[in-house]
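Before any comments, here is the structure.
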Amino acid sequence: KDVLSEGAVDARPAVAPAPDRPARFDGEDLSLALRRGEFVVHYQPKIACRTGELRGFEALVRWQHPHFGLIPPSAFISLAEECGQIGGITDFVFEQSVAWLSNAFPGKNHHIAVNLSPVLLGDVSLADHFQKIARRYGISNDRVMLEITETSAMKDPTATLGAATRMRLKGFRLSIDDFGVGYSSLVQLIRIPFSEMKIDISFVRDVNKSEEARKVVIAIAGLAKSLGMEVTAEGVEDSGVLDFIRGIGCEMAQGYRIGRPMPGEAAALWSGLSS
Ligand code: C2E
Ligand code: CA
Ligand code: CA
Ligand code: CA
């Protein structure tokens, strides 16, 4: 399966090597890239811990730059947020993802998770807009999971609650991402109707070697359950971690141990090989 994945790419430094790296990208570069179709979406599988069954994929954007190669989202998402390009990029990721899901998995009910930037939470027409796109590809809204990081959710709990409510009213599912690093106010957290909590990689990765990490993961999983959310552990890199999170009743796992983010065709192939 490794030959199909971007494993080799992910192992490279976060930004292309120095010699021909530009000083910096700007908003105009992103806008051009969007128009030229240089963004691509890779898909990382999420499985049920207990059965190993495929549950869905997370859509992760990359920039296939004509000179600098495959650029990771860490190199351009915050720029995109600052210069007003994140809406266009998210639209692209959303449409690609539902189109791919509809093409590659007819008759299945895997979900697709799309990351939502905090900048977009104030857009009152977004839920309606997403619904129209999903309908166009025959994907029901409950197969779409929108991921909002804990940190961005708590930066503006009121805006998040508003956006979350609009999304839930349309039947989209919501996930609180990178949980455990944002010091949520629990009073605010429980008001927001999340269906899933993703435990941050920084805890998950260390459960083999750290008693503290194990305690944190157990506590977060307990909190999520008592709030009625499904729990996903992200950053599962080896079978020891997978055994641990399965043992504490975590529902889903995502990470290199299960599958790397892959281009659409490879991800569809992966799902065939893994089942
Ligand atoms: P994230 O949402 O927390 O996504 C998970 C990141 O962890 C991905 O990095 C994924 O490749 C990586 N990962 C998955 N499994 C493992 C593992 O086992 N070990 C390790 N070390 N890493 C693992 P990626 O694709 O580079 O994305 C980084 C971040 O960029 C994402 O973090 C997300 O916050 C953001 N991002 C990606 N696509 C989008 C997008 O379409 N919109 C927005 N707003 N943000 C995006
Ligand atoms: Ca995410
Ligand atoms: Ca995450
Ligand atoms: Ca993260």
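The values are calculated or read from the model by the stated rules, or taken from the named source; none is laboratory data. Treat the numbers as computed from the prediction; the structure is a model and nothing was measured. All Cβ positions, even for glycine, are placed from backbone atoms using ideal geometry, and neighbour counts span all protein chains on display. Each accessible area value is taken on the protein alone, full model and side chains, heavy atoms only, with ligands, DNA and RNA left out. Shrake-Rupley method; radii C 1.70, N 1.55, O 1.52, S 1.80 Å.
Please list 39-52, 199-212 highest first by mean number of surrounding beta-carbon atoms within 10 Å per residue. Can you show the working numbers first?
Values: 39-52: 19.8, 199-212: 17.6.
The packing order, highest mean first, is 39-52, 199-212.
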Once all Cα-Cα distances of the stretch 118-275 are split into 5 Å bins that start at 0, what whole-number percent is in each one? 2, 9, 16, 18, 18, 16, 12, 6, 2, 0
Once you sort the root eigenvalues of the Cα gyration tensor of the stretch 183-275 as a ≥ b ≥ c, which label holds: rounded (a/c under 1.5), prolate (a/b larger than b/c) or oblate (the other case)? oblate
Kindly list the residues of the stretch 174-213 that lie in the label zone of A219, defined by a backbone N under 12 Å from the point 7 Å along the Cα-to-C-beta vector. 180-181, 183-184, 212-213
For the modelled label position 7 Å from the Cα of E28 along Cα-to-Cβ, which residues of the stretch 70-92 have backbone nitrogen atoms closer than 16 Å? 83-85
Tally Lys and Arg at +1 and Asp and Glu at -1 over the other residues with C-beta under 14 Å from the C-beta of L169: what net charge comes out? +2
Model label zone, H67; criterion: amide N under 16 Å from point 7 Å along Cα-to-beta-carbon; scope the stretch 26-45: 26-33
Determine the relative contact order of the stretch 86-163: mean sequence separation of Cα pairs under 8 Å and six or more apart, normalised by residue count, in whole percent. 39 percent
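Given a Förster distance of 41 Å, report the FRET efficiency between A99 and E211 from their Cβ-Cβ distance, rounded to the nearest 0.05. Each step should come with its number before you reach the end.
Numbers: r = 45 Å, r/R0 = 1.10.
Once the sixth-power term is evaluated, E becomes 0.35.
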Ignoring ligands, DNA and RNA, what accessible area per residue does the stretch 122-275 give at 1.4 Å, in Å²? 45 Å²
Defining a contact as two alpha carbons under 8 Å apart and six or more residues distant in sequence, what relative contact order in percent does the stretch 122-275 show? 16 percent
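Taking K and R as +1 and D and E as -1, what net charge do the other residues with C-beta under 12 Å from the C-beta of D128 add up to? Intermediate values should be presented prior to the final figure.
Numbers: positive: K132, R135, R166, K170; negative: D123.
Overall, the nearby charge balance is +3.
Which entries in K108/K170; K46/K225; K155/K215; K132/K225; K132/K198 show an alpha-carbon gap greater than 24 Å? Before the final figure, lay out each step's value.
On the way: K108/K170 21 Å; K46/K225 18 Å; K155/K215 26 Å; K132/K225 32 Å; K132/K198 27 Å.
Exceeds cut-off: K155/K215; K132/K225; K132/K198.
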Starting from the amide H of L174, placed 1.01 Å from N in the peptide plane, find each other amide H under 5 Å away whose residue is 5 or more places distant or on another chain. L146, S195, E196
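Suppose a student asked you for the relative contact order of the chain, using Cα pairs under 8 Å spaced at least 6 residues apart; what percent would you report? Mind showing how you got there, number by number?
Working: 461 pairs, mean separation 56.7, N = 275.
Once divided by the residue count of the chain, the mean separation gives 21 percent.
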How far apart, in nanometres, would the label points at D243 and D123 be if each is projected 7 angstrom from Cα along the Cα-to-Cβ direction? 4.5 nm
